[in-house]
1. Which members of region 1-16 meet the condition of being touching a residue at least 12 places away in the same chain (Cβ under 8 Å), of a type outside the set (Asp, Glu) and more than 17 Å from residue 163 (Cβ to Cβ)?
2. Within region 137-174, work out how many residues are among the charged types (D, E, K, R) and closer than 20 Å to residue 7 by Cβ.
3. I'd like to check something: does region 105-119 contain any residue that is on the phi < 0 side of the Ramachandran plot and part of a helix (DSSP H, G or I)?
4. Can you name every residue in region 50-71 that is in contact (Cβ under 8 Å) with a residue 40 or more places away in the chain and among the β-branched types (Val, Ile, Thr)?
5. Could you please let me know if residue 66 is aliphatic (A, V, I, L, M) and loosely packed, with under 15 Cβ neighbours inside 10 Å?
6. Return the only residue of 19, 32, 5, 56 being within 14 Å of the ligand (Cβ to nearest atom) and either aliphatic (A, V, I, L, M) or out of contact with any Cys (no Cβ under 8 Å at 6 or more places or on another chain) (or both).
7. Residues being part of a strand (DSSP E or B) and under 11 Å from the mean Cα position of the chain (by Cα): count how many of those fall in region 65-93.
Amino acid sequence: MNIAEVRAALPQRHIEYYESIDSTMHAAAKLETRAVVFAGEQTSGQGRHGHVWHSEARNGLYCSLVLQPAPVLTLALGLAAAEAIAGTYGIACDLRWPNDLMLDGLKTGGILVQLVDGKAVAGIGINVNHESLPEELGATSLRIHLGRELPREALAIALVRAVDSFAAEDKETILRLFAHASSYAAGRRVTVALPEGSIEGMTAGLDADGFLKVRKDDGSTVLILAGGVRAAGS
Ligand code: BTN
């Protein structure tokens, strides 16, 4: 990635770039609020729930931003990433609660938020130019979707701007925008992996804190506090 182009477009930001790093989350955790870390590849990329994030060289956008903690920040970050992708390449991603970026029913980006010393470290990984991905990941890339290679610099710039903009919105606005942007927010049949076993039901909107309501076939409603949501039958 041409990091000079990204820095020139965002002159007020402290931006660190590593050609190769274990995880941008580690570097960002040591920095001040508003700092941003990008990497060309990650040798130990972290996903949610202890998963590894596939972080091959050159093809992905691997980024961690240091932010002020805020209510529903995880939802705001998904909206920001989706807007950056739409504005840069004209690709409309779906958002699978809480913030997986989905294209053609497959995951093309993921977001991990960690609280460190009173700061929120927001890690965003987007599969941009991957020509193929390991099948077991159930993942795709923007390049596979669009059929051509894409420049990552414009997306990196748009992403930082969009995160600033959505992170400044109030909770009610984020909940409204998410309900509009995500086909998973309501009326979608899903399976949810919970520690005590999987449940299946229809999504029934978000509560005031951004948690997902799932109505089971027996009429009871379960509030989902963490991820593990997928389309039923997928
Ligand atoms: C998920 O599991 O959906 C979250 C994936 C988050 C991946 C990004 S890539 C940049 C940052 N550094 C990491 O090690 N993880 C996040």
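1. Passing the criteria: 1, 2, 3.
2. Let us first name the residues in region 137-174 that are among the charged types (D, E, K, R), namely 143, 148-149, 152-153, 161, 164, 169-172.
Right, trim to closer than 20 Å to residue 7 by Cβ and you get 152-153, 161, 164.
The total comes to 4.
3. no
4. Initially, region 50-71 is screened for residues in contact (Cβ under 8 Å) with a residue 40 or more places away in the chain, giving 53-56, 58-71.
66 - this is the single residue of region 50-71 that is in contact (Cβ under 8 Å) with a residue 40 or more places away in the chain and among the β-branched types (Val, Ile, Thr).
5. Considered against the rule, which asks whether it is aliphatic (A, V, I, L, M) and loosely packed, with under 15 Cβ neighbours inside 10 Å, residue 66 comes out as no.
6. Details: 19 fails: within 14 Å of the ligand (Cβ to nearest atom); 32 fails: within 14 Å of the ligand (Cβ to nearest atom); 5 fails: within 14 Å of the ligand (Cβ to nearest atom).
The conditions single out 56.
7. Start the filter on region 65-93 by keeping residues that are part of a strand (DSSP E or B), which leaves 65-67.
Filter again for under 11 Å from the mean Cα position of the chain (by Cα), leaving none.
Qualifying residue count, region 65-93: 0.
So that you can scan it fast, the table gives a plain yes or no per residue for (1) in contact with a strand residue (DSSP E or B) (Cβ under 7 Å, 6 or more places away or on another chain); (2) modelled with pLDDT under 95; (3) more than 15 Å from the ligand (Cβ to nearest atom); (4) among the hydroxyl-bearing types (Ser, Thr, Tyr):
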residue	(1), (2), (3), (4)
64	yes, no, no, yes
74	yes, no, no, yes
82	yes, no, no, no
100	yes, no, no, no
128	yes, no, no, no
131	no, no, yes, no
135	no, yes, yes, no
159	yes, no, no, no
168	no, no, yes, no
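The values are calculated or read from the model by the stated rules, or taken from the named source; none is laboratory data. Quick caveat, the model's predicted, so the values are computed rather than measured. Glycine gets a Cβ as well: all are built from the backbone with ideal geometry, and neighbour counts include every protein chain shown.
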